[in-house]
Amino acid sequence: MPNLPSDDTLQKILTELEPENHLGALLTVQMGGTPEEVQLLLQTTEFDEERNGLRPTGSYIIRCLGVREHRVSVGLFNSMVYTETHSLLWNHNYPFQQVYFSGMPDNVDGLMLELTQLYGQHYGNFRTLADDLNRAMPLGKLLTSGRGLLGEMPIPMTEKVQKLLEGHGLAVSLIDSDQNPPEAQHALLVMDDSFFIAQLYSADPLEGKN
């Protein structure tokens, strides 16, 4: 579910892009003053039916501070969403756990398919099951070995994987990973196929560019 950003200008941009006939244009993406700062130069536009073209309504700079992950595609985009609860944030906002199992699944192929679908449901094309698996052996061989470490993943995903494994007749144990908990919570900013995961976002209008 989307949340409201604390920055008033960013909220203004999100509001401007809500109508169907309003589009955003991501013009430039550049590094900021630190390695973990990314700056976005973008323009909000409105479709002008009389001119059959886009009319600029505002120009802004968005600073993404403490960036941990991003994917960028410059150009026009239809919508912008800010959220603090999306599953893409799990890797950055939650501790990880190791998932151990014992027993033989009732249907190995079915379990592998359901695990893959589970990751697709929550991560789309941005992450895959292979990112979190124990790569010591192929998944099918691991599941038929009788016991072992399935993989390591953030707590919200371990809870879903545990339920799925137990539904296939396996016993599951979760062990906290040897890592420090997240120092700060991150938020997600999405523009169609582009996304940014950062600790803080701030925006300002570009004077004389509207």
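The values are calculated or read from the model by the stated rules, or taken from the named source; none is laboratory data. The structure presented is a predicted model; accordingly, all values stated were derived computationally and were not measured. For neighbour counting, all protein chains shown are included, and Cβ atoms are generated from backbone atoms with ideal geometry for every residue, glycine included. Keep in mind that these areas ignore ligands, DNA and RNA; they rest on the heavy atoms of the full protein, side chains included. Shrake-Rupley method; radii C 1.70, N 1.55, O 1.52, S 1.80 Å.
Data overview
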| item | result |
| --- | --- |
| Scope segment 67-86; condition under 11 Å from THR44 (Cα atoms) and either free of Cβ contacts under 8 Å to residues at least 12 places away in the same chain or open to solvent by 50 Å² or more (accessible area, probe 1.4 Å) (or both); matching residues | LEU76, ASN78, SER79 |
| Subset of segment 132-152 (residues that are of a type in the set (D, E, K, R) and more than 28 Å from the chain's Cα centre (by Cα)) | LYS141, ARG147 |
| Hits in segment 18-66 - residues which are small (Gly, Ala, Ser) and either surrounded by 13 or more Cβ atoms within 10 Å (Cβ to Cβ) or at pLDDT 95 or above (or both) | GLY24, ALA25, GLY32, GLY58, SER59, GLY66 |
| When residues of segment 35-54 are limited to those that are free of Cβ contacts under 8 Å to residues at least 12 places away in the same chain and not in a strand (DSSP E or B), the one farthest from GLY66 (Cα to Cα) | GLU50 |
| Any chance TYR100 is open to solvent by 70 Å² or more (accessible area, probe 1.4 Å), hydroxyl-bearing (Ser, Thr, Tyr), touching a residue at least 24 places away in the same chain (Cβ under 8 Å) and not in a helix (DSSP H, G or I) | yes |
| Positions within segment 12-34 being among the polar types (S, T, N, Q), closer than 22 Å to VAL72 by Cβ and not in a loop (DSSP other than H, G, I, E, B), in sequence order | THR28, GLN30 |
| Among the candidates LEU76, LEU26, LEU88, LEU65, residue that is farther than 21 Å from ASN125 by Cβ and not small (Gly, Ala, Ser) | LEU65 |
| Enumerated strands (runs of 3 or more DSSP E) restricted to segment 103-210, each holding at least 1 residues that are in contact (Cβ under 8 Å) with a residue 40 or more places away in the chain, open to solvent by less than 20 Å² (accessible area, probe 1.4 Å) and closer than 20 Å to TYR82 by Cβ | 187-191, 194-198, 200-205 |
| Verdict on LEU89 being open to solvent by less than 60 Å² (accessible area, probe 1.4 Å) and either over 29 Å from THR128 (Cβ atoms) or assigned to a loop (DSSP other than H, G, I, E, B) (or both) | no |
| Condition met for VAL38 (closer than 13 Å to PHE195 by Cβ and in contact with a Lys or Arg (Cβ under 9 Å, 6 or more places away or on another chain)) | yes |
